[in-house]
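Just so it is clear, none of the values below were taken in a lab; they were calculated from the coordinates. Note that this is a predicted model, so its numbers are computed, not measured. As a convention, Cβ positions derive from the backbone with ideal geometry for all residues, glycine included, and neighbour counts pool all protein chains shown.
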């Protein structure tokens, strides 16, 4: 069981993106952005998680798949932010999220796709990452 003050992978990823994707600053949100959020911004969703076990017990070693979506006013802006995000996430190894963060063993980009949101008229780049990390057990 995790301690109450243990940082989860979600918080570590959000902090990391806020610190390193300067084009969006603190506009990084879990799953959906608040109404009327100005672009550009990023949303993230954990799509799946695999908890690895050893000898019938949780090992603390996990693999999660995250979908990261960049929303921007132009396709060019969304694609430029995607480049920044790739540079700060791909092959990351170490503690993510600052003090008390989560140790990341590997971060791999598995898919990237461009799109346009008809409802909002925002351009979007979707990236799917596989992140392997450890948590206290």
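So here's what we get for this one:
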quantity	calculated
Cα-based helix-to-principal-axis angle, 75-89 vs the chain, degrees rounded to 10	20
Least to most buried among 116, 123 (fewest other Cβ within 10 Å first)	116, 123
Relative contact order for the range 61-137, counting Cα pairs under 8 Å that sit 6 or more residues apart, in percent	43
The range 9-134: projected area of the alpha-carbon convex hull, averaged over directions, in nm²	7.9
Mean separation of Cα contacts under 8 Å (6+ apart) over length of the range 9-134, as relative contact order %	25
Crossing angle, helix 9-20 versus the chain [Cα axis fit, 0-90 degrees, rounded to tens]	50
Volume of the Cα convex hull of the range 91-130, divided per residue and given in Å³	95
Choice from 70, 32, 104 showing the highest fluctuation, given a GNM over the chain with Cα pairs closer than 10 Å	32
Potential lengthening between residue 116 and residue 134 on full extension [0.36 nm per residue; Cα-Cα distance subtracted]	3.0 nm
Zone residues, the range 95-111, relative to residue 8, backbone N less than 11 Å from point 7 Å out along Cα-to-Cβ	none
